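Read the figures in this text as sums done on the coordinates, not as results from a lab. Computed from a prediction, not measured in an experiment: that's the story for all the values here. Methodologically, a virtual Cβ is constructed for each residue, glycine included, from the backbone with ideal geometry; neighbour enumeration extends over all protein chains shown.
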Amino acid sequence: MSGQTFIIPSPNTCTAGETMVWQGGSGNTYLVKPVSVEHFILSDSHIYLLVNAGRAIWVGTARNLIDDQISRSRFRRAIAKATSAFEFAMPCDEHQRLLLLADLETGHPMQQLSAA
């Protein structure tokens, strides 16, 4: 269902200031945690999103890099161009994971409004 916001919990608790909203191609929104492009370490329990100029240039998991030569090649090109990176906990269900990867790849960051 589009228009829903999904809070994807991460083992690393973060405050609201440390998250950002990413809107998937479906219209669903996701809270994602920024990580350092230069120093992040891929984990089997997270999905990663590499971004350049507000556009997803690679979305995947550590398993994608191990199992998929095309993903490995795309990751190498993306990591050289990425201006930001994000992570969040991976859904347990394989079907949900695949849908989420596709939704994120066709999405974009949302500007968060602050109540001041």
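Multiply the residue separation of Arg76 and Ser45 by 0.36 nm, subtract the distance between their alpha-carbon atoms, and state the gained length in nm to one decimal.
Result for the pair: 9.1 nm of gain on full extension.
Please order Met20, Met110 by the number of other Cβ within 10 Å, starting at the fewest.
So the residues, fewest neighbours to most, are Met110, Met20.
In whole Hz, with x marking every Gly and Pro, tabulate ³J(HN,Hα) for the range 50-55 from phi via Karplus 6.51 cos²θ - 1.76 cosθ + 1.60, θ = phi - 60°.
So the Karplus estimates, Gly and Pro as x, are 9, 10, 9, 6, x, 10 Hz.
Semi-axes, largest first, in whole Å: what does sqrt of 5 times each Cα gyration tensor eigenvalue give for the range 5-109?
Those come to 18, 16, 14 Å.
Using Cβ counts within 10 Å as a stand-in for footprinting exposure, how do Phe40, Phe86 rank, fewest first?
Going from sparsest to densest Cβ surroundings: Phe40, Phe86.
Which of Val21, Val51, Val35 has the fewest other C-beta atoms within 10 Å, and how do the rest follow up to the most?
Lowest count first: Val21, Val35, Val51.
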